[in-house]
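The values are calculated or read from the model by the stated rules, or taken from the named source; none is laboratory data. Source: prediction; values computed, not measured. Cβ atoms come from the backbone with ideal geometry, glycine included; neighbour counts cover every protein chain shown.
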Amino acid sequence: MLKPWLLGCLFLLIISFTTGVQGQDVICELDFTGTVTDEHDGTPLSYANVLLVEAERSAIADVDGYFSITDLCPGTFTLRVAHLGCEPIERQLVLLKSIRMDLFLEHHSEELHDLEVIRERPDENVGQPNTELDKHTMEKSTGRSIAEVLAAVPGVTILSTGPTIGKPMIHGLSGNRILMLNQGIRQEDQQWGTEHAPNLDPFSSDRITVVKGAASVQYGSDAIGGVIITEPVDLPRTAGINGELRGVGILNGRGGGGNAMLQGGLKGLRGFGWRVQGSGKLVGDSEAPGYTLSNTGTREQGASATMGYRDLRFRSTLYFSWFQRELGILRASHIGNLTDLDNAISTGTPWYVADFTYDIDAPRQTSDHLLAKAEMDYALTERNRIVVTYAYQTDSRKEYDIRRGGRSALPALDIGLTTHTADASFKHWIGKHIHGRAGLSGLFQRNINEPGTGIRPLIPNYQKESGGVYLIEHLPLGDRLELEAGARLENTSLRIAKYDVSGTLLQPELEYTNHALGIGANWSIKDSLNVRFNISTAYRPPHVSELYSEGLHHGAAAIEVGNDQLDSERSLKGTIDIEALWFKGRLRTDLTFYTDKIGNYIYLRPAGQQLTIRGAFPVFNYVSTDALLYGLDATLQVAVTSRWSVRSRTSIVRGRDLGMDLWLFQIPSDRTETTLLYTIVKTGNWREIELGFTSNYVAQQRRIPPGLDYAPPPGSYHLMGFQASVTRKLRNNEVRIGLQASNLFNTTYRDYMDRFRYYAAARGMDVSLWVRFGFGRPR
Amino acid sequence: MEWTCPFGSGLASADPVDPRVVRELASGTKERRNFARTMKQLILVLFVAITFASCKKDDDPIVPVQPPANEEEVITTLVLTFTDIDSFEDHVFRFTDLDGDGGNAPVIEVEDLPGNRDFAVFISLLNESVSPTQNITTQIEDELEQHQFFFQTVGVNLTMSYGDEDANLQPVGLINNSMTLSPSTGTLKVTLRHNPDKSASGVSSGDITNAGGDTDIEVTFPVVII
């Protein structure tokens, strides 16, 4: 089945190339719309002139400040906005799809005029390859976990533990080697465990940026492989209430979810905005082809509230969010010893299969994550600002195992992680060719095992304090080249309290000092060719689990032994990202090459066997080595005609253990995804009609280290998917409906990156239907 | 163990969804400037709170309040007592791993069995890592339907058959009958399965092949019949 499809895709590509070259009809149906408003008092700037220089197209804003330039061809344009009494302001604009932009003109005669696009990025990340998932992309994965949402980005894969637990992986690194920023705050939620999914509500954010480079300079420790940023949603600034309802029905798991959001401003108080949001999700057992994956239900609920005020000099935001999740862990994955594991592998089907249910039984996990954040931004002068952020988060995790004597209701692991983070930065403007920010950041964290589990804690109690200073300077050199360079110094101290086997209290203290340096460049060689280059270092002090683990890891059927002599991991990552437009923008290619050398790469190395009352178990010691990861992400997008287009994404990653001269364990295999898209921008009251067929090919992983795995990597697989979506305007309201189907032919497969591949096949066919209803006029 | 920081409560009062705040703002009577001032003050207070109200240092909150709880689940010791049904002489097989999984290697003690004899075999499970020693056998006795022992011999002339049953008349294996034949040397593997499928083919007669479930114990004893 695989080969005809691959041939088909190849054929389509060839067709698209040839027609692309000869084609006569250029797809010039893109719209650039938006508003121009005065930053100072919010009045619409009617008669503002909006000009796209290269397109020789312009528009005059109407009385509401609204402008619209339609039927544009894709490409890079110089956007020039002018208003009576102001000098024109220019910005580069890459137009690949219809966009709407709200432009704010600062309108003071004595001050520098500046144009500010309302979507302000938390950081610039010059030279780093990054991908932004906007609302439009994210809503297609409504009801999916954050890892599944992110898997749409080339170079991002999922490290999963059955159908319920997924961790995002960037360029072959996951867990503590990537950093997650939720609303600009380091997400601290026990990411050391492979069976600990991020405790983040995918509904709470509309936009996620994935930075695929080492970014410790910008964000501190752990940003070795990359950074995932769920960006704060912009609050309304003017009076009026609007909102959004979202719902999704999921076939595989017979469940669904929903989200409600309401936001608004206050009359007579321009600059004040608020937003509340609440979501929920319930799915039952997933189905693999031929059997139910028993005990794989999930329940999630979350809520968030934001309140903010913003004027020319002063901005502040208060944010609060809560997220709770309960999930079942595949019953058949609960094994006692290696014999059980061998049995599971040789049988090929799960040993425990029951009828479909929504009930969640042991083994299961519950987690609760709470985040409160306060941010204040004060402009000392026009271009110098002080930003102070404080956040408090708690993460409570309970894991329930199957236990004797009615103790299954008692958590086997019960840990609470409390984290305070504070950050102060000074955004300074030295001159047109040098500006940046300098800052201080601090973290205070405590991990406490709640007593009463009746089991020796997996990781000890600890207290972590870290503090850092950083400086990042931005150096724009002309219109086409900008550079960024930065450095950070950070000290981390760890205090541990644990009892050893004989009951003696041990209180070791450890300290790590690390630094990071980085330099990046964005070079726009010509309008259709952009190059991003970055070379940066990043670091990560070893986690307590790597230092002090001791004992049997039940899920992994292995005895893991920590090593308190481990030093910090240090990474040197270089990336080159080349984005090019060909044939008047009809073909877009984006290539990212990367190489990442990690010193003191910490991993588990086999160290013989140990006899226990449950039989012999393999022993793994935490050791460090030097590792090298390198690879390529490629995106190719072809507009065949105005309506047909093909998009293809390929990721390749290699990981070597340089110390042992072996391949690294659990590195994703090569994969390619090709989508054939049919789009109608507008017909009657229907807009953005999109139909797509997706082919997803994942190769077998053949580059594995010997003796680390219990079974050979599963074979390659090929899945087909289908998607359809459409928007309908209803006066001030808008409805968007979509259908998403994956694994259309109910193919039986197992994924190398799924830790439960020993026990059961992956999920079978799935169809989800989602609806988004937006009401009130979004401003 | 409860650990609170004074700031936690301070933030709660500034909860952005507080309906009173929203109502007050909605009244629209306050001037924008006033509001900005209030807001600034509020946030200033908040940050001062963070800076100065550093979290109280009590007597080292990270030290666990008590020694780590006894591992109630742990089985440190498996004892097989072969009691000669004629002479009432006991021959004890014992597997002990006091520090649980990992750490020091377990200790296996066995006694030679006389040939051509009949035995009653009693199994007892202990947790000797706690004081007083905990009897785990009673936990199995409470859940007989969910447990079954299996015995596999290699190279030794020893037979085992179940001598007990659960409420469903299926075997458990805490009490067994055993018979030795001619002198020989080999091994006896004792397996305890949790949640086995006792009705699967061969399971009730002691064949582990189709039993399923997960393994609580798997211990192999060297056996010598003299």
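Observations, loosely collected:
One line per residue, one yes/no per condition, for (1) without any contact (Cβ under 8 Å) to a residue 24 or more places away in the chain; (2) within 13 Å of chain B (Cβ to nearest Cβ); (3) in a strand (DSSP E or B); (4) touching a His at 6+ places or on another chain (Cβ under 7 Å):
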{"site": "A:S221", "(1), (2), (3), (4)": "no, no, no, no"}
{"site": "A:R246", "(1), (2), (3), (4)": "no, no, yes, no"}
{"site": "A:G256", "(1), (2), (3), (4)": "no, no, yes, no"}
{"site": "A:G265", "(1), (2), (3), (4)": "no, yes, yes, no"}
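- Subset of the stretch A:700-718 [in contact with a strand residue (DSSP E or B) (Cβ under 7 Å, 6 or more places away or on another chain) and either surrounded by 13 or more Cβ atoms within 10 Å (Cβ to Cβ) or hydroxyl-bearing (S, T, Y) (or both)]: A:R703, A:I704, A:P705, A:L708, A:S716, A:Y717, A:H718
- Residues that are facing chain B (nearest Cβ under 10 Å) and among the aromatic types (F, W, Y) number at least 1 in the following strands (runs of 3 or more DSSP E) confined to the stretch A:344-459: A:364-379, A:385-400, A:434-449.
- Residues of the stretch A:45-58 satisfying the condition of being touching a Phe, Trp or Tyr at 6+ places or on another chain (Cβ under 8 Å) and surrounded by 16 or more Cβ atoms within 10 Å (Cβ to Cβ): A:A48, A:V50, A:L52, A:A55
- In this entry, B:E111 is excluded by the filter for residues that are within 17 Å of the chain's Cα centre (by Cα) and free of Cβ contacts under 8 Å to residues at least 40 places away in the same chain.
- Residue list for the stretch A:276-290, restricted to those being surrounded by fewer than 22 Cβ atoms within 10 Å (Cβ to Cβ) and closer than 17 Å to A:Y319 by Cβ: A:V276, A:G278, A:S279
- In the stretch A:352-380, the residues that are among the charged types (D, E, K, R) and under 30 Å from A:L318 (Cα atoms): A:D368, A:K373, A:E375, A:D377
- Within the stretch A:461-487, residues that are within 14 Å of another protein chain (Cβ to nearest Cβ) and touching a residue at least 60 places away in the same chain (Cβ under 8 Å) have Cβ atoms under 6 Å from residues that are crowded, with 19+ Cβ neighbours inside 10 Å and not in a strand (DSSP E or B) in these pairs: A:Y462/A:V544, counting only partners at least 6 apart in sequence or on another chain.
- Meets criteria (within 14 Å of chain B (Cβ to nearest Cβ) and either in contact with a strand residue (DSSP E or B) (Cβ under 9 Å, 6 or more places away or on another chain) or not acidic (D, E) (or both)) for A:R570: no
- Highlighted here are the strands (runs of 3 or more DSSP E) found entirely within the stretch B:102-199 that include at least 2 residues which are within 13 Å of another protein chain (Cβ to nearest Cβ) and buried (at least 16 other Cβ atoms within 10 Å of the Cβ): B:118-127, B:147-154, B:184-194.
- You will find that of A:S536, A:S528, A:S571, A:S549, the residue that is on the phi < 0 side of the Ramachandran plot, polar (S, T, N, Q) and surrounded by fewer than 20 Cβ atoms within 10 Å (Cβ to Cβ) is A:S528 and no other.
- The listed residue being more than 23 Å from A:I472 (Cβ to Cβ) and within 15 Å of the chain's Cα centre (by Cα), out of A:G225, A:G184, A:G166, A:G162: A:G166
- Residue check for A:I680: away from chain B (no Cβ under 14 Å) and crowded, with 17+ Cβ neighbours inside 10 Å: no
- Exclusive hit being surrounded by fewer than 20 Cβ atoms within 10 Å (Cβ to Cβ) and in the same structural domain as A:L517 (by TED's automatic domain parsing), set A:L179, A:L245: A:L245
- Candidate set: the stretch A:321-349, residues that are at pLDDT 90 or above and in contact with a Leu (Cβ under 7 Å, 6 or more places away or on another chain); chosen: the one nearest to A:R757 (Cα to Cα): A:L330
- Just one of the listed residues (A:I613, A:I598) is more than 23 Å from the chain's Cα centre (by Cα) and surrounded by 21 or more Cβ atoms within 10 Å (Cβ to Cβ), namely A:I613.
- From the list A:V233, A:V227, A:V211, the one residue that fits, being under 30 Å from A:D38 (Cβ atoms) and in contact with a helix residue (DSSP H, G or I) (Cβ under 9 Å, 6 or more places away or on another chain), is A:V233.
- Residues that are away from chain B (no Cβ under 14 Å) and in contact with a Lys or Arg (Cβ under 8 Å, 6 or more places away or on another chain) were ranked within the stretch A:499-516; the one that is surrounded by the fewest Cβ atoms within 10 Å (Cβ to Cβ) is A:H515.
- Breaking point among (1) in contact with a Pro (Cβ under 7 Å, 6 or more places away or on another chain); (2) closer than 16 Å to A:D709 by Cα; (3) of a type in the set (S, T, Y), for A:S651: (2)
- From the options A:E450, A:E399, residue that is crowded, with 21+ Cβ neighbours inside 10 Å and more than 30 Å from A:I472 (Cα to Cα): A:E399
- Residue satisfying all of: in the stretch B:212-226; more than 9 Å from chain A (Cβ to nearest Cβ) and buried (at least 16 other Cβ atoms within 10 Å of the Cβ); nearest to A:L611 (Cα to Cα) among these: B:F221
- The residues of the stretch A:43-60 that are at negative phi and of a type outside the set (A, V, I, L, M), listed by number, are A:T43, A:P44, A:S46, A:N49, A:E54, A:R57, A:S58.
- Among the residues here, A:K584 does not qualify as more than 13 Å from chain B (Cβ to nearest Cβ) and under 24 Å from the mean Cα position of the chain (by Cα).
- Residue match in the stretch A:417-428 (condition: under 28 Å from the mean Cα position of the chain (by Cα) and among the acidic types (D, E)): yes
- Residue check, A:I704 assigned to a loop (DSSP other than H, G, I, E, B), modelled with pLDDT under 95 and among the aliphatic types (A, V, I, L, M): yes
- Within the stretch B:89-101, the residues that satisfy the criterion of being surrounded by 17 or more Cβ atoms within 10 Å (Cβ to Cβ), touching a residue at least 24 places away in the same chain (Cβ under 8 Å) and assigned to a strand (DSSP E or B) are B:H91, B:F93, B:F95.
- Filter pass, A:N337 being closer than 26 Å to B:E218 by Cα and free of Cβ contacts under 8 Å to residues at least 60 places away in the same chain: no
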